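Novice: Could you have a look at this structure, given as structure tokens, before my questions?
The values are calculated or read from the model by the stated rules, or taken from the named source; none is laboratory data. Owing to the predicted nature of the structure, the values given are computational and were not obtained by experimental measurement. Backbone-built Cβ (ideal geometry, glycine too); neighbour counts: all protein chains shown. Heads up: the accessible areas ignore ligands, DNA and RNA and are worked out on the full protein's heavy atoms, side chains in. Shrake-Rupley method; radii C 1.70, N 1.55, O 1.52, S 1.80 Å.
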Amino acid sequence: MIGFRTLFYKEVLRFWKVSFQTVAAPVLTAMLYLLIFGHVLEGRVEVFQGVHYTSFLIPGLVMMSVLQNAFANSSSSLIQSKITGNIIFMLLPPLSHAEIFWAYVLAAVVRGVAVGLGVLLITVWFVDLHTLLSAIKPLWLLLFVLLGSALLGALGLIAGIWAEKFDQLAAFQNFLIMPATFLSGVFYSVHSLPPFWQALSHANPFFYMIDGFRYGFFGQSDVAPGISLTIVCVAFALLAALSLHLLRTGYKLRH
């Protein structure tokens, strides 16, 4: 456990030392999305009955920020260690594969939650707090934010193991993570899409994370929260199993 705690502390300290870049910058980006989209579309779009469009945007922006930053934390840390060569200091000590996995994933969760809280604290003043507090479901919020950030932390670990240079990691993020998050219902309800795009959205695991998290805010969602939670749990289990397999075999780490 000492090795796990040390690696976890190192990973948290790594992003916290540059928190202006890793926490404050994503919060500012989410704030700009809210100001621009909320100003343009407020009063023109009503996704859920009784929920203003700006209010609808907030949980999606919070969860999008959580997911993107959880992925960035584990993936960037691992690729930096591989390129600089200091990954040897993680591989030489008697750390189990599970300890390495959980240290990276939990550090990614910490960063994702930190950014999500920052976005929430900045944007929550744009909604009717009385209405929000009367509908909020804290357990669902907690489940989806923790599972979602853990899932993206595991995916970031896989991307960091696979990538051999920053260009490959950037391609993974730009062509997979970014489209998946933006096309997951952050700015719209999937029910407003044509049937083909609705079906495509339902094949996107990011949609279930954001839709389930939004249910925790308003008690309304496009898909039943139990279904979303099941899909997210299964996706996390599969990615965790793949991550542990790659760590155990030393794929692109020991060779």
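Novice: Given a Förster distance of 25 Å, report the FRET efficiency between GLN198 and THR230 from their Cβ-Cβ distance, rounded to the nearest 0.05.
Specialist: Numbers: r = 19 Å, r/R0 = 0.77.
It comes to 0.80.
Novice: How would you order 94-106, 192-204 from highest to lowest mean count of nearby Cβ atoms within 10 Å? It would help to have the intermediate numbers written out before the result.
Specialist: Working: 94-106: 18.9, 192-204: 12.5.
Listed from highest to lowest mean packing, they are 94-106, 192-204.
Novice: Straight-line reach from LYS10: which lysines have a Cα under 23 Å away, not including same-chain ones fewer than 8 places off?
Specialist: LYS82, LYS165, LYS252
Novice: Could you calculate the FRET efficiency of ASN174 with GLN220 from 1/(1 + (r/R0)^6), where r is the beta carbon distance between them and R0 is 45 Å, rounded to 0.05?
Specialist: Computed FRET efficiency for ASN174 and GLN220 comes out at 0.90.
Novice: Here's another thing I want to ask about it. At a 1.4 Å probe, what is the % contribution of carbon and sulfur to the accessible area of the chain?
Specialist: Carbon and sulfur: 72 percent of the exposed surface of the chain.
Novice: Can you give the relative contact order of the chain as a percent, counting alpha carbon pairs under 8 Å and 6+ residues apart? Show your work: numbers first, answer last.
Specialist: Details: 349 pairs, mean separation 66.5, N = 255.
It comes to 26 percent, rounded to a whole number.
Novice: Helix-derived [θ] at 222 nm for the chain: sum -39500 (n - 2.57) over DSSP H runs of at least 4, divide by residue count, nearest 500? Spell out each step's value before the answer.
Specialist: On the way: 12 runs with 186 residues, N = 255.
Theoretical 222 nm ellipticity from helices: -24000 deg cm²/dmol.
Novice: Which of the peptides 218-228, 142-152, 83-93, 165-175 is most tightly packed, and how do the rest follow, going by the mean number of other Cβ atoms within 10 Å of each residue?
Specialist: Working: 218-228: 17.7, 142-152: 23.3, 83-93: 11.9, 165-175: 13.5.
Result, highest mean first: 142-152, 218-228, 165-175, 83-93.
Novice: Just to be sure I understand the model, the point goes 7 Å from the Cα along the line to the Cβ. What's the resulting MET31 to ARG248 distance in nm?
Specialist: If labels sit at MET31 and ARG248, their model points lie 4.6 nm apart.
Novice: Could you check the spin-label model distance between LEU146 and SER19? Points 7 Å from the Cα along Cα→Cβ, value in nm.
Specialist: With each label placed 7 Å out from Cα toward Cβ, I get 2.2 nm.
Novice: Given N residues in the chain, what is Rg(Cα) / (2.2 N^0.38 Å)?
Specialist: 1.02
Novice: Mind checking the full-extension length gain between PHE182 and LEU139? Use 0.36 nm per residue of separation minus the Cα-Cα distance, one decimal, nm.
Specialist: On the way: separation 43, 0.36 × 43 = 15.48 nm, distance 2.50 nm.
So the extension gain works out to 13.0 nm.
Novice: Ok, one more. Give the calculated FRET efficiency between VAL124 and ASP167 to the nearest 0.05, with a Förster radius of 45 Å applied to their Cβ-Cβ distance.
Specialist: Given R0 = 45 Å and the Cβ-Cβ separation, E is 0.75.
Novice: Report the rotationally averaged projected area of the range 120-255 based on its alpha-carbon convex hull, in square nanometres.
Specialist: 9.9
Novice: May I pose another question? Kirkwood hydrodynamic radius for the range 70-153: how many Å is it when counted over pairs of different Cα atoms?
Specialist: About 14.9 Å for the range 70-153.
Novice: What is the extension gain from GLN80 to ALA98, computed as 0.36 nm multiplied by their sequence separation minus the C-alpha to C-alpha distance, in nm to one decimal?
Specialist: So the chain would gain 4.4 nm between GLN80 and ALA98.
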